[in-house]
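Peer 1: Structure incoming, see below.
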Amino acid sequence: LLLLLLPALAAAAPGEFDPYRVLGVGRSSSQADIKKAYKRLAREWHPDKNKDPGAEDKFIQISKAYEILSNEEKRANFDRYGDAGESQGFSQQQHRQFHRFHDGFYFDESFFHFPFNSERRDTSDEKYLLHFSHYINEIVPDSFKKPYLIKITSDWCFSCIHIEPVWKEVAQELEALGAGIGVVHAGYERRLAHHLGAHSTPTLLGLINGKITFFHNAVVRENLRQFVENLLPGNLVEKITDKNYIRFLSDWRKDNKPHVLLFDHMPVVPLLYKLTAFAYRDYLSFGYVYVGLRGTEELSSQYNINVYTPTMMIFKEHIDRPADVVQAREMKKQLIDDFLSQNKFLMVARLTSQRLFQELCPVKKSHRQRKHCVVLLTGEGEKFAEAYEAFLTFAVANTKDTLKFVHIYSDRQPEFADALLMDEEKYRGRSAVVILERRNNAGKIAYKALEEAWQGSKEDNFILLDLLDQLRTDPGLLSSETVVADLNDELAPMFLIRWFYSTLDYISDCWDSLFHSNWREMMPLLSLLFSALFILFGTVIVQAFSDSSDTRDSPPSGKEETAAKMEKNDASFSKESNSRIPKKGFVEVTELTDINYTSNLVRLRPGHMNVVLILSNSTKTPLLQKFALEVYTFTGSSSLHFSFLSLDKHREWLEYLLEFAQDAAPIPNQYDKHFLERDYTGYVLALNGHKKYFCLFKPHKSGDEGGTPGSCEDYDALQHAEARGKSSCSPGSRSIKNKLHKLSFWMERLLEGSLQRFYIPSWPALD
């Protein structure tokens, strides 16, 4: 009878599960359209955001539909047979109707003790289900605010069923304390499971600051709580007693943060407080006072603490009295979050980074959401203490939701101070007050500065109060506009400290991977390690045998040994300097003219450069002689060509080229006597014709240190016939030659590629 009724029930049941209908896409939709529809629906029907009673079932259907359509094989099976290979034809509603039908005959599947039915299993994990995109885009960034405990599970997993009661209890407890919970179904999210490094189920892991840590102990409540607690940094909460509380509360100047004290009768810091400290560590510093400990009586008495009720206090600029207090017999996460979120900043916080500036002084979104910042630009030390205290008193008395009072050290943020004060003399060495409003994220602000420097007098208070009153009715009072650069991060750790902590994290990861990771992941690393060791020891053994065989031979005589060493040194020297030995006994320097311009520059082969000396008719002979001496050692390179350019003929071409050079101004106060034009003689250009850029050498001033005004180089050092005549040793010749002083060092940097390059769109014609 049951077999006869089954087809009739299937025919009477509603339509089959259709993933296309669930996602609202057509059968010809692309993967991009399917993914877009899935993201939109998942965001709309996620149980954490949608409180509809059917949101959970709808979200599961959306996930299943996306799993089928995102897999080309499953999608093809569904298009052909109406089944993705996972018994989609027998829908959930049909199963429920059949379940109710056979319940009437007292024929339940529990008779077979079959615990894998999704109807029978606990569905509390469904609200924690993670998908790959959700994990990457939301969970990983959120792990910098709270740690996550993640379970990887699958169907047909007996161990998963065994740990389910403990997992359910711990998940509810940790979620109430502020930890994140996640569940990954390895059957549906294989990509995410592989990304997390889970190769078996069940697997438990922790995620904090984007770093994954695996759980390796027995799955009991105490071990899981301790595992999550060990994920947190050890310096989040400082133990406070009568001896160190003054120092702790006084650190607000250095940390630029309010300080929080929790008074409780528990000997260890509660996990709730540690999780809260981790979430607010960028804004607040946390301390814990165990009121039952001897050595905290003075602290409890000074602040009138009820030792039987947990008390949380926030201290800002004044350490003798708390800025805010909350007491409750049971500290709940929501209560603590509401309390701390209202006290995240000091009364007059110091702008130490661009992030803090953006939070305290947000960009104006509309006329009704205007927020103004009153900024005290001051300095450090006792000289500015009185002005700061007066500004703090004014801020406490005039605190409003639309006003934020901040201060900044002008010497630590000079660009910000100069943009607002325009480096005016009346503010130099004194404090100033500026009212500003951020207009956009690019740094544009509207502002108005007090006419006189801020001294904290009653007159200054009245002037500032009057301006703030006018600002409420007339936003146009901020008449000045400027653009400020991003603030420097004053509290950022030094590079060496960041490098040290990064190294420690890397070593810790390697240690954890070596002893706890899956061996399949470790095989490539172990293979590389053993290969390196094999090569190292093999080389040592071969070298040892070769050395032992060499010792059997008779040692050479002293003369032979000396000769061998000399030959070896000569060979090494010749090898090292082979690329620098000139191939000729002279330097070929050709004139760059309109005839050879195309071949010597425009169509120069890739990798080749033409080094061009700029000279005039009057300086031609001494400059060429000095140029040849300086570049002679570089003539062995086949990629370098040497030319000279007449300034008398091609001045316009040179000046056009120098327009593209930054800081390419010529030597000041040097002009041609006849034409009153700038003197470019002695300039050297290294031209790369293929990549269209050049490097520039500016002449060496005759009075600079290192010059040799009293000597005259001999051109016979080049070992070629002196057919051009003897160079003049007159003072004028020496000053001209000194223009090319240190050209050889410039050539060294040219070959190293460390010179600045000036690019041009195209090479101009040489008329």
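The values are calculated or read from the model by the stated rules, or taken from the named source; none is laboratory data. Fair warning: this is a prediction, and the values are worked out from it, not measured in the lab. So basically every Cβ, Gly included, is an ideal-geometry build from the backbone, and we count neighbours across all protein chains shown. The area values use the complete protein model at the heavy-atom level, side chains included, leaving out ligands, DNA and RNA. Shrake-Rupley method; radii C 1.70, N 1.55, O 1.52, S 1.80 Å.
Peer 1: Return the ratio Rg/(2.2 N^0.38 Å) for segment 19-79, where Rg is computed over Cα atoms only. Each step should come with its number before you reach the end.
Peer 2: Details: Rg = 11.6 Å, N = 61, 2.2 N^0.38 = 10.5 Å.
Compactness ratio reported: 1.11.
Peer 1: Label points 7 Å out from Cα along the Cβ direction at Val602 and Arg370: separation in nm?
Peer 2: Result: 6.3 nm between the two label points.
Peer 1: Tell me, in nm to one decimal, what length is gained between Thr309 and Met266 on full extension, where the rule is 0.36 nm per residue of separation less the Cα-Cα distance?
Peer 2: Numbers: separation 43, 0.36 × 43 = 15.48 nm, distance 1.10 nm.
Taking Thr309 through Met266 to full extension adds about 14.4 nm, to one decimal.
Peer 1: Quick one: with all protein chains in place, what share of the accessible area of segment 238-342 is carbon or sulfur, to the nearest percent (1.4 Å probe)?
Peer 2: Values: 2550 of 5190 Å².
So the carbon and sulfur contribution to the accessible surface is 49 percent.
Peer 1: So for segment 238-342, Kirkwood radius off the Cα pairs, Stokes-Einstein at 20 °C and 1.002 mPa s: how many µm² s⁻¹? Numbers along the way, then the final one.
Peer 2: Details: Rh = 13.7 Å.
In µm²/s, the coefficient is 156.
Peer 1: In the structure shown, do any of Lys35/Lys344; Lys74/Lys145; Lys146/Lys365 have a Cα-Cα gap over 32 Å, and if so which? Could the numbers behind the result be given before it?
Peer 2: Working: Lys35/Lys344 39 Å; Lys74/Lys145 38 Å; Lys146/Lys365 30 Å.
With Cα atoms farther than 32 Å apart: Lys35/Lys344; Lys74/Lys145.
Peer 1: In addition: Report the GluC sites (Glu not before Pro) located in segment 354-436 that are in a DSSP loop and have at most 13 other Cβ atoms inside 10 Å of their Cβ, or state none.
Peer 2: Glu380, Glu424
Peer 1: Can you put Ser639, Ser300, Ser762 in order of accessible area, largest first, using a 1.4 Å probe? Don't skip to the end; give the middle numbers.
Peer 2: On the way: Ser639 35, Ser300 15, Ser762 60 Å².
In descending accessible area the options line up as Ser762, Ser639, Ser300.
Peer 1: Hey, another quick one. Give me D for segment 122-231 in µm² s⁻¹, whole number, from Stokes-Einstein with Rh from the Kirkwood sum over alpha-carbon pairs, 10 °C and 1.306 mPa s.
Peer 2: On the way: Rh = 13.8 Å.
Here the translational diffusion coefficient equals 115 µm²/s.
Peer 1: Also: Pulled fully out, how much extra length does the chain show between Ser762 and Asp48, if you take 0.36 nm times their separation in residues and subtract their Cα-Cα distance? Before the final figure, lay out the partial values.
Peer 2: Numbers: separation 714, 0.36 × 714 = 257.04 nm, distance 6.07 nm.
Taking 0.36 nm per residue and subtracting the Cα distance, the gain is 251.0 nm.
Peer 1: Within the accessible area of segment 122-231, what % is carbon and sulfur when the probe is 1.4 Å and the other protein chains stay in place?
Peer 2: Details: 2590 of 5050 Å².
Of the solvent-accessible surface of segment 122-231, carbon and sulfur hold 51 percent.
Peer 1: Between Glu425 and Phe500, what is the spin-label point distance in nm, taking each point 7 Å from the Cα along the Cα→C-beta axis?
Peer 2: The modelled label-to-label distance comes out at 4.8 nm.
Peer 1: What percent of all Cα-Cα pairs in segment 354-483 falls in each 10 Å bin, counting up from 0?
Peer 2: Pair shares across the bins are 12, 48, 35, 5, 0.
Peer 1: On average, how much accessible surface per residue is there in segment 122-231, in Å², for a 1.4 Å probe, leaving out ligands, DNA and RNA? Please report the intermediate quantities before stating the final value.
Peer 2: Values: 5050 Å² over 110 residues.
Averaged over the residues of segment 122-231, the accessible area is 46 Å².
Peer 1: Right, here's the next one. Estimate the FRET efficiency between Val325 and Ala485 by the formula 1/(1 + (r/R0)^6), using the beta-carbon distance for r and 41 Å for R0, to the nearest 0.05. Show your work: numbers first, answer last.
Peer 2: Details: r = 40 Å, r/R0 = 0.98.
Computed FRET efficiency for Val325 and Ala485 comes out at 0.55.
Peer 1: For segment 354-483, what does the relative contact order come out to in percent, with C-alpha contacts under 8 Å and a separation of six or more? Kindly include the intermediate steps, with their values, before the conclusion.
Peer 2: On the way: 185 pairs, mean separation 36.6, N = 130.
It rounds to 28 percent for segment 354-483.
Peer 1: Another question, if that's okay. Using 7 Å Cα-to-Cβ label points, what is the Lys243/Lys400 separation (nm, one decimal)?
Peer 2: Placing both labels 7 Å beyond Cα along the Cβ direction yields 4.9 nm.
Peer 1: I would also like to ask the following. Could you give the dipole magnitude of segment 238-342 about its Cα centre, charging the beta-carbon of Lys and Arg +1 and that of Asp and Glu -1, in debye to the nearest 20?
Peer 2: Values: 14 positive and 14 negative charges, 42 e Å.
Approximately 200 debye in magnitude.
Peer 1: Take the Cα coordinates of segment 345-384, assign each an equal point scatterer, and use the Debye formula without solvent to give log10 I(q)/I(0) at q = 0.19, 0.25, 0.29, 0.32 Å⁻¹.
Peer 2: -0.67, -0.96, -1.11, -1.18
Peer 1: Pairs of alpha-carbon atoms within less than 8 angstrom and 6+ residues apart define the contacts here; what relative contact order does segment 19-79 have, in percent? Before the final figure, lay out the partial values.
Peer 2: Numbers: 53 pairs, mean separation 24.1, N = 61.
Once divided by the residue count of segment 19-79, the mean separation gives 39 percent.
Peer 1: So, one more: Set Lys and Arg Cβ to +1 and Asp and Glu Cβ to -1, take the dipole of segment 122-231 about its Cα centre, and tell me which of Gly180, Trp156, Asn137 lies farthest positive.
Peer 2: Asn137
Peer 1: Based on the Cβ-Cβ distance from Asn209 to Gln354, what FRET efficiency comes out when R0 is 22 Å, to the nearest 0.05?
Peer 2: Details: r = 22 Å, r/R0 = 0.98.
Using R0 = 22 Å, I get an efficiency of 0.55.
Peer 1: Per residue, how much accessible area does segment 359-472 show when a 1.4 Å probe rolls over the protein heavy atoms, in square angstrom?
Peer 2: Details: 6060 Å² over 114 residues.
Result: 53 Å² of accessible area for each residue.
Peer 1: Note the full-extension length gain between Thr633 and Leu477 as 0.36 nm times their separation in residues minus their Cα-Cα distance, in nm to one decimal.
Peer 2: 49.3 nm
Peer 1: Then there is this: Rank these by accessible area, largest first, 1.4 Å probe: Arg651, Arg294, Arg605. The partial results should precede the final answer.
Peer 2: Details: Arg651 40, Arg294 210, Arg605 150 Å².
Descending order: Arg294, Arg605, Arg651.
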